[in-house]
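No lab work stands behind these numbers, since they all come straight from the coordinates. Here the structure is a predicted model, which means the values were calculated and not measured. Note that we place each Cβ from the backbone using ideal geometry, even for glycine, and neighbour counts take in every protein chain shown.
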Amino acid sequence: MSNAVEISGVSMRFNMAKEKVDSIKEYLIKFFTHKLFFDEFMALNDINLTIEAGEVFGLIGLNGCGKSTLLKIISGIYKPSTGSVKVTGTIAPLIELGAGFDMDLTARENIYLNGSVLGYSKEYIDNKFDEIVDFTELHQFIDVPMKNFSSGMVARVGFAIATVTKPDILIVDEILSVGDFLFQEKCEKRISDLMSGGTTVIIVSHSIDQIKRLCDRVAWIEKGKIKMIGETEEVCNLYTQTSN
Amino acid sequence: MKYFQTFLRYKYLLLNLINRDIKVKYRRSVLGILWSVLNPLLMMAVIATVFSHIFKFQIENFHLYYLTGAVIYNFISEATSTSMMSVFSSAALIKKVYIPKYIFPLEKCLFAFVNLLFSLVAVAIVMLISGVRFTFTALLFPVPIIYALIFSIGMSLILSALTVFFRDIVHIYGVFLTAWMYATPIIYPMEAVSERIQTVMKLNPMYYYVQYFRDVVLYNTVPGIRWNLICLAFSFSMLIIGVLVFKAKQDKFVLYM
């Protein structure tokens with residue numbers, strides 16, 4: 001089996017400015033008074049992780065432990081301070097559905113806009129348009145500006161666009177918590193369809209049930225370090241025991 | 001090569017963003033895109049009325065003289081000032097999806113370019129009314145505006161990158177733009193200022209683009225090789241500096257948003 005994601009020795013350092021210096025005046029004053037110091041914060045510390053192609057991999061941990069930072073590094077949004085990430089294949093990020101929607105535009109226009117944000121071509125979206133709309137079940141609202149949509153409706157459109165393609169790697173960050181239970185089931189079904197088609201899925205969730213249901217392997221992250229990697233059952237049980 | 005492939009992949013996004021800007025700009029306006037033609041015309045009417053009474057410059061075809069200068073100035077000023085905020089205001093997107101970040105300033109420049117094309121219709125209308133001879137030299141009008149576009153892209157890359165780190169550039173730039181307008185012979189003839197000031201004014205790239213445009217459209221002459229080389233030098237050095245600055249800083253953007 002080949003590896004979809006190889007992370008070796010990745011650390012991510014943030015400058016945690018106590019006050020955000022974002023004007024030249026402040027910058028110069030701080031520079032000349034030698035107060036331009038930042039508190040450094042290691043969001044991730046020497047992470048080594050390999051995710052095999054076709055695997056469903058879960059990330060668990062408490063709030064602020066670095067899960068989302070790790071996902072952002074995998075999807076190329078952050079460049080790690082040290083270490084290297086090697087990703088094989090195309091990535092469809094689901095990090096917060098509907099990033100890139102312009103709420104003044106209609107759902108139809110947003111499907112094209114958001115599709116192009118994910119790098120799809122016009123012909124591709126033309127072909128898949130009906131499929132996307134069918135998945136959202138929002139046929140009668142398709143020409144309504146999205147600012148009139150509820151958050152659940154926005155999530156439907158976002159999910160439908162992101163999963164219409166068959167990406168090699170799908171990144172899912174806490175998104176399955178939106179929408180009604182029917183839609184959640186539908187999303188899970190779509191994800192398992194993708195999984196059986198060989199897509200690698202990386203899931204972050206606070207719902208241990210969901211992780212247990214979907215994942216093959218799980219990494220438990222604590223304070224920017226990997227505390228444990230292993231079989232889902234084993235890691236989840238230990239995680240729930242220690243956290244309580 | 002790799003960069004080129006990424007660009008092709010996001011070409012459709014670029015078109016879509018321009019499309020969105022056009023839609024959002026003219027939403028709920030009855031005349032819609034026609035405003036891009038009307039606006040420079042009305043502006044010209046105001047300026048021409050005011051200035052032909054206050055200052056007694058002897059400029060032939062003052063309406064057209066002003067308009068040709070103003071469309072170039074307006075283009076550069078719109079392109080750079082909207083680009084400036086483009087990266088910063090796309091924070092929501094940049095933090096969540098990987099997109100080549102130069103797409104944003106590039107898109108704003110191209111959007112301003114589309115607007116410029118519409119204001120050229122206004123120039124053509126005024127040419128017809130004021131009875132200026134249409135000659136073949138006028139067909140060279142794309143040359144100066146493409147020089148100006150390249151220059152604007154370079155400048156926008158620099159400004160949009162700096163704005164992420166120093167938000168107050170936005171305020172300074174507004175003042176700078178006004179100064180830049182008065183430093184360029186748009187509402188007055190070059191001869192109105194002393195020779196010494198003229199030498200300084202010749203360091204201003206905008207002067208060359210404006211003059212080029214007027215030469216081909218208004219005066220039916222074609223600028224020589226030297227003039228073209230000066231324009232090329234300004235445009236491409238700005239573009240190269242822009243690309244270098246942007247490339248050096250782009251990985252840090254997301255940390256300052």
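For the protein assembly as shown, what does the alpha-carbon gyration tensor say about shape, rounded, prolate or oblate, given a ≥ b ≥ c as the root eigenvalues, a/c under 1.5 as rounded, and a/b over b/c as prolate? Because a/c hits 1.5 or more and a/b exceeds b/c, the protein assembly as shown counts as prolate. Largest GNM mean-square fluctuation among A:GLY83, A:GLY224, A:GLY61, using chain A with Cα springs under 10 Å: A:GLY83. Dipole check for the protein assembly as shown: with +1 at the C-beta of Lys and Arg, -1 at the C-beta of Asp and Glu, and the Cα centre as origin, the magnitude is about 1440 Debye. Enter the angle in degrees (range 0 to 90, nearest 10) between the Cα long axis of helix B:11-26 and the first principal axis of the Cα atoms of chain B, meaning the one along which they spread out most. Around 60 degrees separate the two axes. Antiparallel beta bridges, as assigned by DSSP with both residues in the protein assembly as shown, represent about 60 percent of the total such bridges. Once both labels are positioned 7 Å from their Cα atoms along Cα-to-Cβ, the gap between A:PHE129 and B:ILE33 label points is 1.9 nm. Rounded to the nearest 20, the Cβ-based charge dipole of chain A about its Cα centre (Lys and Arg +1, Asp and Glu -1) stands at 920 debye.
Across the options B:ILE59, B:GLN211, B:SER235, the greatest Cα extent toward the positive end of the charge dipole of chain B (unit charges at beta carbon of Lys, Arg, Asp, Glu) belongs to B:SER235. By the rule of a C-alpha distance below 24 Å, with chain neighbours fewer than 8 residues away ignored, the lysines paired with A:LYS128 are A:LYS147, A:LYS166, A:LYS186, A:LYS189, B:LYS11, B:LYS23, B:LYS96.
For the options A:LYS25, A:LYS128, A:LYS189, a Gaussian network treatment of chain A with springs between C-alpha atoms closer than 10 Å singles out A:LYS25 as fluctuating the most. Taking all Cα pairs closer than 8 Å and separated by 6 or more residues, the relative contact order of segment B:2-256 comes to 27 percent. Of the chymotrypsin sites (Phe, Trp or Tyr not before Pro) found in segment B:88-181, those that fall in a DSSP loop while having at most 13 other beta-carbon atoms within 10 Å are B:PHE134.
Could you tell me the calculated FRET efficiency between A:ASN148 and A:PHE181, based on Cβ-Cβ distance and R0 = 22 angstrom, to the nearest 0.05? List each step's numbers first, then the result.
Numbers: r = 24 Å, r/R0 = 1.07.
The pair A:ASN148/A:PHE181 has a calculated efficiency of 0.40.
In this simple spin-label model, placing a label point 7 Å from the Cα along the Cα-to-Cβ direction at both B:HIS53 and B:ILE241 gives a separation of 4.2 nm.
Among A:ASP216, A:ASP168, A:ASP104, determine the one that fluctuates most according to a GNM of chain A built with springs between C-alpha atoms less than 10 Å apart. Greatest mean-square fluctuation among the candidates belongs to A:ASP104.
What would the Debye formula give as log10 I(q)/I(0) at q = 0.12, 0.15, 0.16, 0.17 Å⁻¹ for the alpha-carbon point model of segment B:2-256, no solvent? Result of the Debye calculation: -0.76, -1.15, -1.27, -1.39.
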